[in-house]
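Undergrad: Before I ask anything, here is the structure I am working with.
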Amino acid sequence: LRQAGLIPGKVVNQASTTIQAGIVISTTPAAGQSWPVNKPVTLAVSSGQPVPNFVGQQKAVAEQWAAANGVSLNEVTVKSSQPAGTVVQQSVPAGGSFSPHQVITIEISNGPPMAGVPNVDGQQVSQAEQTLSQAGFQVKVVQVGPFNKVFSYSPTGQAPQGSTITIYVGV
């Protein structure tokens with residue numbers, strides 16, 4: 001630019017899947033346009049590969065990418081209805097640029113809250129379904145025999161709120 005009598009201006013980093021980091025992608029104005037000599041020319045410079053979208057992925061995906069690209073992750077655990085270990089937010093948006101040694105924060109779900117599964121052994125199907133639904137669970141009925149009493153259910157103890165409890169009916 002200086003050899004052409006122009007003034008280098010602002011440098012804007014831009015992620016690129018095809019142009020390696022540090023290489024000029026474009027200028028403003030574009031090459032070949034006339035431009036006042038005393039007005040700076042803006043340069044868009046490749047910052048390299050863009051940050052992937054980690055939202056909805058397991059944290060291990062982000063950790064592998066960070067290790068391969070010289071990036072540090074600040075992992076923050078948050079309450080979320082997403083399965084435990086799922087990335088729910090990232091500080092650098094997907095497609096954004098990053099630099100080596102940069103710290104990117106990812107928020108990771110600690111999973112949906114756990115709830116106690118009511119004991120429905122021996123109950124009639126309709127009563128068991130109502131009991132489990134009121135406790136915040138979905139219900140799947142597996143008919144094994146001719147009768148309508150629950151003889152087993154799974155899981156027992158604690159389960160993620162909103163998950164499905166399978167009741168076995170027929171004895």
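The values are calculated or read from the model by the stated rules, or taken from the named source; none is laboratory data. No experiment lies behind these values; they were computed from the predicted model shown. Using ideal geometry, Cβ is built from the backbone for each residue, glycine included, and neighbour counts are taken over all protein chains shown. Remember, those area values only see protein heavy atoms, side chains included, never the ligands or the DNA or RNA. Shrake-Rupley method; radii C 1.70, N 1.55, O 1.52, S 1.80 Å.
Undergrad: Within segment 1-50, work out how many residues are part of a loop (DSSP other than H, G, I, E, B), crowded, with 16+ Cβ neighbours inside 10 Å and under 25 Å from the mean Cα position of the chain (by Cα).
TA: 6
Undergrad: Can you tell me which residue within segment 44-69, out of those that are touching a Pro at 6+ places or on another chain (Cβ under 9 Å) and free of Cβ contacts under 8 Å to residues at least 40 places away in the same chain, is farthest from Ser80 (Cα to Cα)?
TA: Top of the filtered list is Asn69.
Undergrad: Within segment 97-123, which residues are touching a residue at least 40 places away in the same chain (Cβ under 8 Å) and either under 21 Å from the mean Cα position of the chain (by Cα) or assigned to a loop (DSSP other than H, G, I, E, B) (or both)?
TA: Once the filter is applied, which keeps residues that are touching a residue at least 40 places away in the same chain (Cβ under 8 Å) and either under 21 Å from the mean Cα position of the chain (by Cα) or assigned to a loop (DSSP other than H, G, I, E, B) (or both), segment 97-123 yields Ser97, Phe98, Ser99, Ile104, Ile106, Ile108, Gly111, Pro112, Pro113, Val117, Val120.
Undergrad: So which of Ser91, Ser109, Ser81 ends up being on the phi < 0 side of the Ramachandran plot, surrounded by 14 or more Cβ atoms within 10 Å (Cβ to Cβ) and in contact with a Gly (Cβ under 9 Å, 6 or more places away or on another chain)?
TA: Result: Ser109 is the single residue among Ser91, Ser109, Ser81 that is on the phi < 0 side of the Ramachandran plot, surrounded by 14 or more Cβ atoms within 10 Å (Cβ to Cβ) and in contact with a Gly (Cβ under 9 Å, 6 or more places away or on another chain).
Undergrad: Further, regarding this structure: So, in segment 56-77, how many residues would count as being buried (at least 17 other Cβ atoms within 10 Å of the Cβ), at pLDDT 95 or above and in contact with a helix residue (DSSP H, G or I) (Cβ under 8 Å, 6 or more places away or on another chain)?
TA: 1
Undergrad: Consider Gln138 against the criteria (1) modelled with pLDDT of 95 or more; (2) over 30 Å from Asn13 (Cβ atoms); (3) open to solvent by less than 50 Å² (accessible area, probe 1.4 Å): it satisfies all of them except one. Which criterion is unmet?
TA: For Gln138, the failing item is (3).
Undergrad: With respect to the numbered conditions (1) more than 22 Å from Thr17 (Cα to Cα); (2) at pLDDT 95 or above; (3) assigned to a loop (DSSP other than H, G, I, E, B); (4) not charged (D, E, K, R), which one is the sole condition not fulfilled by Asn53?
TA: Failing condition for Asn53: (1).
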